Structure formats: C-alpha cells, structure tokens
Amino acid sequence: MEDLNAILSPGMFVKHPDFPDWGTGQVQSNVNARVTVNFRDHGKVCIDSTRIVLVPIFDV
C-alpha cells in the first residue's frame, strides 16, 4: 500500500477520516510513516500512516 500521507509536512492542516469530532489538526512531524498531529479538540496523536489516510485541508 502506498503511503498517501507522504506529502504531509509540518504546518499543514488535516482531518482524521474516522474521528471528525477531533476537529482540524496541524501536522507536527512526518517521519518513517508516523505522522504526529495536534488536533484542536483532541490533542496530540501519533498516526501510523500505513493504516490511516489523513484528509488534507487546504482552505483553512
């Protein structure tokens, strides 16, 4: 499976497809298929990007 989150870089905004109630998150880091995101309504989460494809938000 291709890592579609590979384009994500620190500062970009995303949403988690399974937890929309977490709100918009800002990417903190993206290293070795581990994306750390700080979500507005949930806090900091480390996501295995080989299992979850985050949704980029371009119009923040």
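Selection of region 18-35 for residues being closer than 15 Å to ASP3 by Cβ and either out of contact with any Gly (no Cβ under 8 Å at 6 or more places or on another chain) or basic (Lys, Arg) (or both) yields SER29, ASN30, VAL31, ASN32, ALA33, ARG34, VAL35. The set of residues from region 1-38 being surrounded by 16 or more Cβ atoms within 10 Å (Cβ to Cβ), among the aromatic types (Phe, Trp, Tyr) and farther than 16 Å from PHE58 by Cα comprises just one member, TRP22.
For first residues located in region 34-48 and free of Cβ contacts under 8 Å to residues at least 12 places away in the same chain, partners that are part of a strand (DSSP E or B) and not β-branched (Val, Ile, Thr) and lie 6+ apart or on another chain with Cβ distances below 6 Å form the pairs THR36/GLN28; THR36/SER29; THR36/CYS46. Taken over region 1-47, the criterion of being in a strand (DSSP E or B) and hydroxyl-bearing (Ser, Thr, Tyr) is satisfied by SER29, THR36.
Values quoted throughout were computed directly from the atomic coordinates according to the rules given, and no laboratory measurement underlies them. Keep in mind the model is a prediction, meaning the values are calculated, not measured. Methodologically, a virtual Cβ is constructed for each residue, glycine included, from the backbone with ideal geometry; neighbour enumeration extends over all protein chains shown.
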